[in-house]
1. Mind giving me the FRET efficiency for Asn13 and Gln45? R0 is 35 Å, r the Cβ-Cβ distance, nearest 0.05 is fine.
2. Roughly how many debye, to the nearest 20, is the charge dipole of the stretch 2-92 about its Cα centre, given +1 on each Lys and Arg Cβ, -1 on each Asp and Glu Cβ, and no other charges?
3. Net charge around Pro36, counting only other residues with Cβ within less than 10 Å of its Cβ (Lys, Arg = +1; Asp, Glu = -1)?
Amino acid sequence: MASRYDSSLQSQNPISQAQNSVEKLHYAVSQAMSHPNEQMIEQAQNRLAHTEQAVRQAGNSLNGQAVELAEEMLAEEKSRLASLSSRQQGEQTK
């Protein structure tokens, strides 16, 4: 029972939440890249907004290195999503 309690505490940690959110964003962007349609891109953009909020909240943490890593990962996923969105828009104008 203690392990459940420990994992519950960890899930409440803003840094853990930010890292989990970045992982979910990575998955959403990867799915959108594999299946580039409007719905998948919109889902990834929604996940991006959620992840940005989680990383901002983690920014108040004392663990600067973990926050910096989450910010770097977020920036990478934003770049991937932006390239996908611009590619999708280019295909729609053809």
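Read the figures in this text as sums done on the coordinates, not as results from a lab. Bear in mind that the values here come from a model prediction, so they are computed numbers and not experimental data. Here the Cβ positions follow ideal geometry from the backbone for every residue, glycine too, while neighbour counts run over all protein chains shown.
1. Working: r = 26 Å, r/R0 = 0.74.
That gives a FRET efficiency of 0.85.
2. Values: 7 positive and 11 negative charges, 31 e Å.
Computed about the Cα centre, the dipole is about 140 debye.
3. On the way: positive: Arg87; negative: Glu38, Glu91.
Surrounding charge for Pro36 is -1.
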